[in-house]
1. Within region 208-247, can you find the residues that are open to solvent by less than 40 Å² (accessible area, probe 1.4 Å), closer than 23 Å to Leu272 by Cβ and touching a Gly at 6+ places or on another chain (Cβ under 7 Å)?
2. Out of Gly90, Gly125, Gly94, report the one residue that is within 19 Å of Ser66 (Cα to Cα), in contact with a helix residue (DSSP H, G or I) (Cβ under 7 Å, 6 or more places away or on another chain) and either outside any helix (DSSP H, G or I) or open to solvent by 50 Å² or more (accessible area, probe 1.4 Å) (or both).
3. Could you give me the residue pairs with C-beta distances under 7 Å whose first residue belongs to region 272-299 and is farther than 20 Å from Phe246 by Cβ, whose second residue is modelled with pLDDT of 95 or more and open to solvent by 40 Å² or more (accessible area, probe 1.4 Å) wherever it lies, and which are 6+ apart or on separate chains?
4. When you scan region 10-18, do you find a residue that is modelled with pLDDT under 85, polar (S, T, N, Q) and surrounded by 14 or more Cβ atoms within 10 Å (Cβ to Cβ), even just one?
5. Name the single residue, out of those in region 155-177 being touching a residue at least 60 places away in the same chain (Cβ under 8 Å) and outside any helix (DSSP H, G or I), that is nearest to Ser137 (Cα to Cα).
6. For region 249-284, name all the residues that are of a type in the set (Gly, Ala, Ser) and either in contact with a strand residue (DSSP E or B) (Cβ under 6 Å, 6 or more places away or on another chain) or open to solvent by less than 70 Å² (accessible area, probe 1.4 Å) (or both).
7. Identify, please: which residue in region 30-65 is open to solvent by 90 Å² or more (accessible area, probe 1.4 Å) and hydroxyl-bearing (Ser, Thr, Tyr) and is, among those, nearest to Ala121 (Cα to Cα)?
8. Can you name every residue in region 422-434 that is outside any helix (DSSP H, G or I) and crowded, with 16+ Cβ neighbours inside 10 Å?
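The values are calculated or read from the model by the stated rules, or taken from the named source; none is laboratory data. Remember, predicted model here, so these are calculated numbers, not experimental data. Every residue, glycine among them, receives a Cβ derived from its backbone with ideal geometry; neighbour counts consider all protein chains shown. When the accessible area is computed, the model is the full protein with side chains, heavy atoms only, and any ligands, DNA or RNA have been set aside. Shrake-Rupley method; radii C 1.70, N 1.55, O 1.52, S 1.80 Å.
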Amino acid sequence: MTVLAIQEARLSDSSPRTQNLLRRRPRYAPVGGARTFAVSFGTEEPCFIEQGRERSYPGLTSSAPSTRSLYAGFAAWLPQETRIWDVGCGSGSGTRLLTERGHQAVGIDVDETALCFARLAVPDGDFRQLSSDTLKSEPQPDVVVLVDVLGFCEEPRRLLWQLRQLAPQARLLLAEPRATPGQSLVAPQRQAFSLGSLKQALLRAGYRIEDSTTSGTFIVLSATPADLSAGRAFDRAFRARSNRAFDRATEALEPLALQAHSEISREVHLELAELYSERMDGEQASANYLSVLKADGNDAEALSGLAQLTLANGNPQDALGLALRAVELDPSSASAACSLGLAAERFSTGDALRAWQLAANLAPAEPLTLTRLAELASAVGHTELAICALERLRLYHADQSVDFYVTLAWLLLGVGRTQDAKLEAKVAYALAPESPEVQQLQDRFRELSA
């Protein structure tokens with residue numbers, strides 16, 4: 001049986017254990033802010049949770065999608081008594097369902113608040129903090145389950161590589177929201193995925209996809225452990241690149257490019273191309289993108305990368321053609337949309353604005369896409385769109401410069417939101433009271449008050 005056979009199974013209430021678990025109903029009481037609730041299950045001390053997209057809690061309305069049918073499908077598909085790590089277990093509802101179906105499930109999360117809720121909701125469940133020290137002492141799982149987790153990670157492959165090391169023999173069952181060009185992600189969700197982008201993250205973390213399907217708005221797949229050497233090389237390169245040690249990063253990957261099979265070779269060349277681009281070595285970056293295109297001339301990621309290099313070399317018409325081709329091949333690629341936005345700016349503000357809107361839909365946490373969208377929208381008089389882009393930027397990146405607050409205050413003034421503008425101006429003044437731009441803004445408020 002493959003992952004394609006996953007289908008929702010009905011929850012049986014026949015066992016005493018199941019009946020005991022289902023009797024624990026949470027009671028929610030609003031506390032302070034509109035999204036904060038105190039939760040109690042009876043005599044225990046309450047815990048405090050935040051309502052939002054990151055996770056859903058039973059009986060509490062949320063923007064987080066229901067994942068019950070995905071867990072039910074996994075539970076029905078797996079052999080009885082499978083040892084499972086449910087990573088990103090959140091409120092513990094999925095872990096509970098896996099346990100009710102006869103599996104040995106451990107719920108794992110980084111968030112202590114979610115774990116507090118899970119332990120109250122499922123008092124005889126097994127819930128642990130996600131850390132290497134905690135899990136090294138755990139019995140090795142047969143399966144690791146990840147449901148609606150990777151889209152919240154700044155670097156999804158880092159989590160995948162951590163799990164690959166902690167559970168080196170375990171199969172991975174994964175379900176992530178499917179990316180679409182018109183999507184509207186809610187913070188703190190950073191991205192949704194195409195099958196291609198999931199495959200890329202898995203290959204770089206030492207997994208290979210065994211089977212995949214779609215279930216509603218989710219991509220569902222099964223992956224098995226592959227050669228650890230590729231994961232180690234990508235991890236060394238990632239850490240070196242994070243420290244801007246580009247020579248060490250390329251040294252970690254180049255030997256792998258010569259000996260790896262075609263799927264890994266593609267990832268190595270794409271990573272090397274990005275590294276050489278950051279080193280301002282356009283010739284080597286182009287050579288690596290062309291190596292990918294030699295194997296597959298319809299590779300959207302390589303085409304979008306090559307478009308940006310072509311643009312930097314002063315060929316905007318060719319760059320635009322490459323970017324358009326990349327977007328046509330993969331409308332859910334944020335990098336392709338970004339390349340199109342950069343190229344289109346040389347020809348048409350309207351087309352560029354639409355491209356940056358697409359890029360911001362696909363990568364709402366990426367500062368470049370939101371900044372360019374705000375700048376172009378403001379330039380053509382779409383002030384509300386510019387404000388929306390900047391407010392979204394702050395949702396994902398709270399630490400902003402004084403220029404950000406000054407700009408946002410002027411935009412808010414432009415649409416008559418004077419009180420909101422005053423709040424932004426106060427922050428700007430607190431950051432840099434002597435700044436000429438801040439002083440100019442203060443002068444404008446004094447004029448309005450006169």
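1. Ala226, Ala230, Gly231
2. That would be Gly90, the only listed residue that is within 19 Å of Ser66 (Cα to Cα), in contact with a helix residue (DSSP H, G or I) (Cβ under 7 Å, 6 or more places away or on another chain) and either outside any helix (DSSP H, G or I) or open to solvent by 50 Å² or more (accessible area, probe 1.4 Å) (or both).
3. Short answer, once both residue conditions are applied: Asn298/Leu329.
4. yes
5. Ala167
6. Ala249, Ala252, Ala257, Ala260, Ser265, Ala273, Ser277, Gly282, listed by residue number.
7. Thr43
8. Ala432 - this is the single residue of region 422-434 that is outside any helix (DSSP H, G or I) and crowded, with 16+ Cβ neighbours inside 10 Å.
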